[in-house]
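Below you'll find the structure, written out as structure tokens, and then a few comments.
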Amino acid sequence: MIPTSPELTQSIGIQYFPDSNHFSDADGLRWFPLLEKLNIHWLVLNADLKKAIPESFIRKMLQSEVNPILRFQFSLVNPPRPSDLEPLFSAYGKWGIQYVSFFEQPNQFSSWSPETWVQNDLVERYIDRFLNLAKPALGHHLIPVFSPLFPGGNYWDTLFLEQALKSLNRRHEFELLDQMVLSAYGWTFNHPLDWGLGGPEKWPAARPYTSLPSTQDQRGFRISEWYATISKNILGRELPVFLFESGFPGPAQNQVVDPNALAETYQEILSPGNQRIEVNPSSPTITFSLLTSEDSHPEHQNAWFNLDGSITTLGEKMASLLQQSIASKEISHVEQVFNQIDTYLLLPSFDWGVADWHLDMVRSFVKKNRPTLGFSLRDASLARKVIVIGSEDDFTEDELNQLRLQGCFVDRIQGDGTSIATQLAER
């Protein structure tokens, strides 16, 4: 069952990796505790047609009270057949997924071939493709998300959305319209965040494909108000909106953004009592970009965390902002994650004391890297990274999983003395 609009608007989300390759149990253990402690309850995942996101990953995510939004970025020129997606829809519906988005920017020339772009009835042909996937998804209790449109765009986005909703209404797709969620890009286009405030009712002179000096339009962070007005005029009610890449000047993949400037924008969005995110039907669920990525990825500069779990400059600023809305106990846990100790070298201890040979084998590593050295799992939980010396007999996998659940990156090293010293030298 779809949440009501206020439930959607009360949460913050973030884009996961920019690819679809990081869905292991270890990934879940690393990232879900951090999201939980930051009070982030929506995660945007890029989904693949060829393979399902593992059930264990999805169930662990839902147990952490993180709600996934799956984005299938299919080609509009060669869209998949509904039968190709039936197994995925069936599995995702059973596992508890709710929201699925199909296609991206159907109002852009680049999303179509030159031949298909110039054909008549572009919106109708998009709706045909959308319904081919959205209706089977509904049959498996999945909620379709209308494709995000490029603000403005080659085919003006507000015109495209208006004609699309009219088409769905005319086709009597009432079950879909009762549940469907809109999506949009929360790009600022370097405007103030209140650009377009009030929607078309406040700015009636706004016109497609035209920028008038005394008029504002939908091309800004307040785009959801314009989309809500369109849906209310056509359907009699405002559809909820997922807002992707919120706060970016433009498309995230094309932006080199100063983390300090981006953090200032995020701070304005998240300011307590800010009317931009007050609970009303036209307020969007705000999702940011980007949780993490491979260090070599071009979007990594926008990530909150590095691949090893260490926090970036932007991440530190966002953690500080988000902590303001977290209870004091939760803040304490978040602070533990964010690098009170960088690296903790965890050694076994015994009833009779500490083994000299353990100390001897780590001596060179300690002199070179100066980690915090100790024998306490509790103290280790305060570190960003924990290097564990010892086998399952010394520290069980359950104990190490508890460290991972505290947000630690855990690296176990075991073997004989020479092997352990060699492995440490490679760290």
Roughly how many percent of the accessible protein surface of the chain is carbon and sulfur, given a 1.4 Å probe and a whole-percent answer? 48
Accessible surface, per residue, of region 165-229 when the full set of protein chains is kept, probe 1.4 Å, Å²: 46
Per residue, in Å², the accessible surface of region 13-55 once ligands and nucleic acids are set aside, probe 1.4 Å: 34
Would you list, by chain and number, the aspartates and glutamates whose Cα falls below 15 Å from the Cα of LYS368, excluding same-chain residues fewer than 8 positions away? ASP342, ASP360, GLU426
Can you give the FRET efficiency for ASP128 and ARG207, using 1/(1 + (r/R0)^6), R0 = 35 Å, r = Cβ-Cβ distance, to the nearest 0.05? 0.75
Sorted by average packing, counted as other Cβ atoms within 10 angstrom per residue and highest first, what order do 343-352, 109-118, 242-251, 174-183 take? 242-251, 174-183, 343-352, 109-118
Which one of THR396, ASN78, GLY96 is farthest out on the positive end of the charge dipole of the chain, using unit charges on Cβ (Lys, Arg +1; Asp, Glu -1) and the Cα centre as origin? ASN78
Estimated distance in nm for a label pair at ASP258 and ASP121, the labels positioned 7 Å out from Cα along Cα-to-Cβ: 5.1
Relative contact order [Cα under 8 Å, 6+ residues apart], the chain, whole percent: 15
Within region 203-220: backbone nitrogen closer than 19 Å to the PHE109 label point (7 Å, Cα to C-beta): 208-211
Need the list of lysines near LYS317 for cross-linking: C-alpha distance under 16 angstrom, and skip anything on the same chain fewer than eight residues off. LYS37
Could you check the spin-label model distance between PHE174 and HIS191? Points 7 Å from the Cα along Cα→Cβ, value in nm. 3.6
Rounded to whole Å², per residue accessible area for region 378-427 with a 1.4 Å probe reads 49
Less than 17 Å apart at the alpha-carbon level, and either on another chain or at least 8 residues along: which aspartates and glutamates does that give for LYS166? ASP121, GLU124, ASP128, ASP157, GLU175, ASP178, GLU238
Compute the signed sum of charges (Lys and Arg +1, Asp and Glu -1) over the other residues within less than 12 Å, Cβ to Cβ, of PRO18. -3
Expected output is a single nm value to one decimal: the length gained when fully extending between GLU268 and TRP357, i.e. 0.36 nm times separation in residues minus the C-alpha distance. What is it? 26.6 nm
Förster radius 25 Å - calculated FRET efficiency between SER56 and GLN402 (Cβ-Cβ, nearest 0.05): 0.90
Gained length - ASP48 relative to ASP342, 0.36 nm times residue gap less alpha-carbon distance: 102.3 nm
At what distance in angstrom do the alpha carbon centres of region 122-138 and region 360-427 lie from each other? 52
Matching label, Cα Rg over 2.2 N^0.38 Å computed from the structure shown, candidates [x] 0.96; [y] 1.11; [z] 1.04: [y]
Ordering LYS232, LYS367, LYS37 by the accessible surface of their heavy atoms, 1.4 Å probe, largest first, yields LYS367, LYS232, LYS37
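The values are calculated or read from the model by the stated rules, or taken from the named source; none is laboratory data. Since this is a predicted model, take the numbers as computed values, not measurements. Every residue, glycine as well, gets a Cβ built from its backbone with ideal geometry; the counts of neighbours run over all protein chains shown. Calculation scope for accessible area: heavy atoms of the full protein, side chains included, ligands and nucleic acids excluded. Shrake-Rupley method; radii C 1.70, N 1.55, O 1.52, S 1.80 Å.
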